[in-house]
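The values are calculated or read from the model by the stated rules, or taken from the named source; none is laboratory data. Note that the structure is a prediction, hence the values are computed from the model and not measured. Cβ: placed from backbone, ideal geometry, glycine included. Neighbour counts: every protein chain shown. Accessible surface areas use protein heavy atoms only, side chains included; no ligands, DNA or RNA. Shrake-Rupley method; radii C 1.70, N 1.55, O 1.52, S 1.80 Å.
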Amino acid sequence: MYRNVIDYSKLTKEELLNKVNEFSAILYGNTNEDAQMKLIETPWSGSLGEWQWNYKTNKVICNRKKINAIGYSLSEIPEEIGFEFFTDKLHPDDVENVMDNMKRHLLGESPAYEVEYRIQTKEGNYIWFYDRGTVVQYDDDGKPALIAGIVFDITKKKKLEERNNLLAKLPYANPDAVLVLDLSANPIYINPAAQKIIKKNIDEILPPNFIVELHKAYEHNSGTIFNYQIFDKSYIIKIKPFIGEDRCMVTISDISEIVKIEKEKTLYYEALRAIQQPIFISDANGRIVRVNKEFEKLYGFREEELIGENPRILTVGKETYKSLGYTEQYYNELFKDMWQTILDPSKSAWEGDVINRSKSGKVLWIRLSTTAIYNSENELTNFVTLSIDMTNTIYDTNSSKRELYKAISELAELRDNETGYHMRRVGICSRLVAKKMNYPEKFCSDLEMFAPMHDLGKVGIPDAILLAPRQLTKEEFEIMKQHTLFGFNIVKNNKDMKIVSDIAIGHHEKYDGSGYPYGLKGHEIPIAARIVAITDVYDALRSKRPYKKPWSHEDAKRYITENRGKHFDPEIVDVFLELEQQFMMVFDELSD
């Protein structure tokens, strides 16, 4: 059905003019040159499409251009198509208008069917058509039988209209003052925003040097921008000449609020830099946006090295916490609590102690105070964090504690036949074992410091029993066994001395469950107590006592080996055997 339809792309200009002349006669009732040029040279026209609609049979015939315009090829179209093939593709907002136009023409209420509408392409997007047609044949009853018409793709025209409409609205809708002036600064156009700030005449809002700036812009054939202040307000003026015309567009923007904000930002930044405590500010995603001088001094980073970085660059990580004696659970709960608190708008502030690292790698103990900043819409915008260096305080506190713990150990020694060297040897050897077993450094150093306090509870044992130069009776030994409980009760409420309570209560327990005071066995016995059990027995066997002679290293080693899995933890016995040379060296160099 399409073979006889003309392909306009293959027509010569003369043939095209003739064809258009035919259509103009049908559609406009004339063949003059104006009608021809209207059809051919209309600047917004797309490809010319020709169509015919048999009103009786509903069959539509159209040329390839119209079919191609909506993304189809002729081979994709059925041999016979009806009017609904196109109406089904109309934009919903245009259906009523198209149908109404066609109806009015068919009823003879309008000389032609003429309408602009959107139609959906094969790809699903919409393009604009201009459609004009007229009844070219009537039946015997005088009713429309055949309607013929032409169609243009006016999508480009519509986009241009849309852009022009938008441009036309811009000066009117612009909140800034927009003026069109001649070279003498006389107003040609003033938008509503400018009218609001002009009380009497335009000179009220123009600076004294405006004419000079205006002529300067024309001389250089380019725009110019400058700031000025009037009535306690700050403005920025932009002058843009119209090329080839003695006119210019002037925009005047009130930047008072911006200037105020910039001043506040400068003041805030200067205040931040002047604060004597380290502070950093991060955005809602946690990226650092500002640090002050004290922060740079504490951590050793320059501000430009930190901008855009996550604060994780300052943290030490889970393994360092563990090496300093903190459990993985403590680490996880510490930071879980921090983030849950900060991100809760009802709280938004958190304070706690964390471990950081400087650029040089130095470990820093930090009292961290972080506050989340929310805007008026309750949206998180920033975090402000104050870092207080507690490193020296922690070290001084730890040093004081060590001196106190040492004094307590020495006090216990005064009531016992044990020597200070025995206490030191037990501490050193316990540290060697823990280190060999890959325990964290904090645990190893604590074990060295606290292992000498294993017999702290002996301060509660009567001198007659504690200092007896003989084997104790069964009754006396039962009393002596109470020193494990006495030691535990002395320190049980001090969280810093948890390891002491473990050692005190457990260093006489045995791996097979035959020890005292509770008959614990295996890993029920705290690891610190299992280690001290070996180091204390080894040193006691090798030391001279009122009731025994000192044993040799080989005899002490044999005793420990024979009690592997009975008295002593098998794993620790194996470590002892690996370290026996160090044990001998410590005993010899620190002999009584």
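Based on this model, can you work out whether Ser358 counts as in contact (Cβ under 8 Å) with a residue 24 or more places away in the chain, in contact with a helix residue (DSSP H, G or I) (Cβ under 7 Å, 6 or more places away or on another chain) and on the phi > 0 side of the Ramachandran plot? Outline the logic, then answer.
Details: in contact (Cβ under 8 Å) with a residue 24 or more places away in the chain: yes; in contact with a helix residue (DSSP H, G or I) (Cβ under 7 Å, 6 or more places away or on another chain): yes; on the phi > 0 side of the Ramachandran plot: no.
For Ser358, the condition - in contact (Cβ under 8 Å) with a residue 24 or more places away in the chain, in contact with a helix residue (DSSP H, G or I) (Cβ under 7 Å, 6 or more places away or on another chain) and on the phi > 0 side of the Ramachandran plot - is not met.
Out of all the residues in segment 543-570, which are in contact (Cβ under 8 Å) with a residue 60 or more places away in the chain and surrounded by 12 or more Cβ atoms within 10 Å (Cβ to Cβ)? Full working, then the answer.
Here is the first cut: in segment 543-570, the residues in contact (Cβ under 8 Å) with a residue 60 or more places away in the chain are 543, 545-547.
Once the filter is applied, which keeps residues that are in contact (Cβ under 8 Å) with a residue 60 or more places away in the chain and surrounded by 12 or more Cβ atoms within 10 Å (Cβ to Cβ), segment 543-570 yields Ser543, Arg545.
If we scan segment 416-428, do we find a residue that is touching a Lys or Arg at 6+ places or on another chain (Cβ under 6 Å) and at pLDDT below 85?
Filtering segment 416-428 down to residues touching a Lys or Arg at 6+ places or on another chain (Cβ under 6 Å) leaves 416.
Checking the rest, the ones that are also at pLDDT below 85 come to 416.
Yes, there is a match, as at least one residue in segment 416-428 is touching a Lys or Arg at 6+ places or on another chain (Cβ under 6 Å) and at pLDDT below 85.
Looking at (1) touching a helix residue (DSSP H, G or I) at 6+ places or on another chain (Cβ under 6 Å); (2) under 17 Å from Ser253 (Cα atoms); (3) surrounded by 13 or more Cβ atoms within 10 Å (Cβ to Cβ); (4) free of Cβ contacts under 8 Å to residues at least 60 places away in the same chain, which one does Val178 not meet, given that it meets all the others?
So Val178 meets the others, but not (4).
For Thr327, state whether it is at pLDDT below 90 and touching a strand residue (DSSP E or B) at 6+ places or on another chain (Cβ under 8 Å).
Numbers: at pLDDT below 90: yes; touching a strand residue (DSSP E or B) at 6+ places or on another chain (Cβ under 8 Å): no.
Criteria not met by Thr327.
Would you tally the residues in segment 45-59 being modelled with pLDDT of 85 or more and in contact with a Phe, Trp or Tyr (Cβ under 8 Å, 6 or more places away or on another chain)?
Selection size over segment 45-59: 3.
Among the candidates Tyr189, Tyr228, single out the residue that is farther than 30 Å from Ile307 by Cα, open to solvent by 40 Å² or more (accessible area, probe 1.4 Å), modelled with pLDDT of 80 or more and among the aromatic types (Phe, Trp, Tyr).
Details: Tyr228 fails: open to solvent by 40 Å² or more (accessible area, probe 1.4 Å).
Just a single option satisfies the conditions, and that option is Tyr189.
Restricting to segment 333-344, give me the number of residues that are open to solvent by 70 Å² or more (accessible area, probe 1.4 Å) and not basic (Lys, Arg). Please lay out each step first, then the result.
Of segment 333-344, the ones open to solvent by 70 Å² or more (accessible area, probe 1.4 Å) are 333, 336-337, 339-340, 343.
Right, trim to not basic (Lys, Arg) and you get 333, 337, 339-340, 343.
Summing the residues that are open to solvent by 70 Å² or more (accessible area, probe 1.4 Å) and not basic (Lys, Arg) in segment 333-344 gives 5.
Pick out, from segment 290-355, the helices (runs of 4 or more DSSP H) lying fully within it that include 1 or more residues that are within 19 Å of the chain's Cα centre (by Cα) and over 20 Å from Ile394 (Cβ atoms).
Numbers: elements: 293-299, 303-306, 318-323, 328-342.
Because the criterion is at least 1 residues that are within 19 Å of the chain's Cα centre (by Cα) and over 20 Å from Ile394 (Cβ atoms), the helices (runs of 4 or more DSSP H) in segment 290-355 that meet it are 303-306, 328-342.
Are any residues in segment 270-289 of a type in the set (D, E, K, R), under 15 Å from Val384 (Cβ atoms) and part of a helix (DSSP H, G or I), and if so, which ones?
Arg273
Being outside any helix (DSSP H, G or I), free of Cβ contacts under 8 Å to residues at least 60 places away in the same chain and open to solvent by 80 Å² or more (accessible area, probe 1.4 Å) is the filter here, so list the residues in segment 461-495 that pass it.
Correct list: Lys492, Asn493.
Only one of Tyr374, Tyr330 is open to solvent by 40 Å² or more (accessible area, probe 1.4 Å), of a type in the set (Phe, Trp, Tyr) and touching a residue at least 24 places away in the same chain (Cβ under 8 Å). Can you tell me which?
Values: Tyr330 fails: touching a residue at least 24 places away in the same chain (Cβ under 8 Å).
Sole residue among the options that is open to solvent by 40 Å² or more (accessible area, probe 1.4 Å), of a type in the set (Phe, Trp, Tyr) and touching a residue at least 24 places away in the same chain (Cβ under 8 Å): Tyr374.
Might you check whether a residue that is of a type in the set (Gly, Ala, Ser), open to solvent by less than 40 Å² (accessible area, probe 1.4 Å) and at pLDDT below 85 occurs anywhere in segment 237-254? Steps first, please.
So the first thing to find is which residues in segment 237-254 are of a type in the set (Gly, Ala, Ser), and the list is 244, 253.
Right, trim to open to solvent by less than 40 Å² (accessible area, probe 1.4 Å) and you get 253.
Then keep just the ones that are at pLDDT below 85; that gives none.
For segment 237-254, residues of a type in the set (Gly, Ala, Ser), open to solvent by less than 40 Å² (accessible area, probe 1.4 Å) and at pLDDT below 85: absent.
Kindly provide the set of residues from segment 349-359 that are over 19 Å from Glu319 (Cβ atoms), open to solvent by 20 Å² or more (accessible area, probe 1.4 Å) and out of contact with any Ser or Thr (no Cβ under 6 Å at 6 or more places or on another chain), ordered by number.
Matches in segment 349-359: Lys359 only.
Within the bounds of segment 2-20, is there any residue that is at pLDDT below 50, exposed (fewer than 15 other Cβ atoms within 10 Å of the Cβ) and in contact with a Leu (Cβ under 8 Å, 6 or more places away or on another chain)?
Within segment 2-20, one or more residues are at pLDDT below 50, exposed (fewer than 15 other Cβ atoms within 10 Å of the Cβ) and in contact with a Leu (Cβ under 8 Å, 6 or more places away or on another chain).
Mind checking which residues of segment 65-108 are under 19 Å from Ile127 (Cβ atoms), open to solvent by 40 Å² or more (accessible area, probe 1.4 Å) and at pLDDT 90 or above?
Result: Asp88, Pro92, Asp93, Val95, Asn97.
Which residue pairs have Cβ atoms closer than 8 Å, lie 6 or more positions apart in sequence or on different chains, and pair a first residue in segment 499-528 that is open to solvent by 40 Å² or more (accessible area, probe 1.4 Å) with a second residue that is β-branched (Val, Ile, Thr)?
His508/Thr484; Tyr511/Ile525; Pro517/Thr484; Pro517/Ile505; Tyr518/Ile505
Out of (1) open to solvent by 40 Å² or more (accessible area, probe 1.4 Å); (2) touching a residue at least 60 places away in the same chain (Cβ under 8 Å), what's the single condition that is false for Leu298?
It fails just one condition, (1).
Name the residues in segment 119-142 that are at pLDDT below 90 and open to solvent by 90 Å² or more (accessible area, probe 1.4 Å), would you?
Gln137, Tyr138, Asp140, Asp141
With the condition kept exactly as written, say whether any residue in segment 450-458 is at pLDDT 90 or above, surrounded by 19 or more Cβ atoms within 10 Å (Cβ to Cβ) and acidic (Asp, Glu).
no
For segment 192-225, name all the residues that are in contact with a Lys or Arg (Cβ under 8 Å, 6 or more places away or on another chain) and open to solvent by 50 Å² or more (accessible area, probe 1.4 Å). Walk me through it before giving the result.
Restricting attention to segment 192-225, the residues satisfying the condition of being in contact with a Lys or Arg (Cβ under 8 Å, 6 or more places away or on another chain) are 217, 223-225.
Answer for segment 192-225, where residues must be in contact with a Lys or Arg (Cβ under 8 Å, 6 or more places away or on another chain) and open to solvent by 50 Å² or more (accessible area, probe 1.4 Å): just Ile225.
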